[in-house]
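Working notes for the structure below.
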Amino acid sequence: MLFHDVHRAHRRAILAALARLGLQDVGQPKVLILLSSLQEGCANQRKLADALHISPATMAASLKSLERRGYVTKQSDQRDGRCKLVSITQKGIDAVQRCNDAFATVDKQLYDGFTQQEMEQVKDFHRRMLQNL
């Protein structure tokens, strides 16, 4: 239960930090962060869903919301007309920077009083937990 409580408190702190930055409408910051990191600058819906370990239906709903709010655009894939390529807009790029600022602020609060070695140890434990699951 402790891990669950920490996760919920962290999520609440992230949502509050995003709201303070005017980003309560972003929805899935991880989608924008992933898109902004791609060398190609765009990806299809399935690639994004697979990378974030979510269902294509969940990804479709997130992208629809992000597109409606101007964070991403969709265009037909010239190689496969059945697919849509998703690209991040300038508004989305700006939001990514602000999201990263919010995450850094919350992480600073989360790790207050931890040494650098302790922070790395906690992160290593979390990585191992993810691999175990």
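The values are calculated or read from the model by the stated rules, or taken from the named source; none is laboratory data. Because the structure is predicted, anything quoted here is derived from the model rather than measured. Cβ atoms come from the backbone with ideal geometry, glycine included; neighbour counts cover every protein chain shown. For accessibility, only protein heavy atoms count, side chains too; no ligands or nucleic acids. Shrake-Rupley method; radii C 1.70, N 1.55, O 1.52, S 1.80 Å.
Here are the numbers:
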item: The stretch 98-124: number of residues that are assigned to a helix (DSSP H, G or I) and surrounded by fewer than 10 Cβ atoms within 10 Å (Cβ to Cβ); result: 3
item: Which numbered condition MET59 fails, given (1) under 16 Å from the mean Cα position of the chain (by Cα); (2) free of Cβ contacts under 8 Å to residues at least 24 places away in the same chain; result: (2)
item: Scan of the stretch 66-97 for residues that are assigned to a helix (DSSP H, G or I) and over 15 Å from LEU48 (Cα atoms), ordered by number; result: ARG68, GLN90, LYS91, GLY92, ILE93, ASP94, ALA95, VAL96, GLN97
item: Considering residues of the stretch 16-46 that are open to solvent by 70 Å² or more (accessible area, probe 1.4 Å), at pLDDT below 90 and in a helix (DSSP H, G or I) only, the residue farthest from GLN75 (Cα to Cα); result: ARG20
item: For ASP77: the one exception among (1) acidic (Asp, Glu); (2) more than 26 Å from MET129 (Cα to Cα); (3) open to solvent by 60 Å² or more (accessible area, probe 1.4 Å); result: (3)
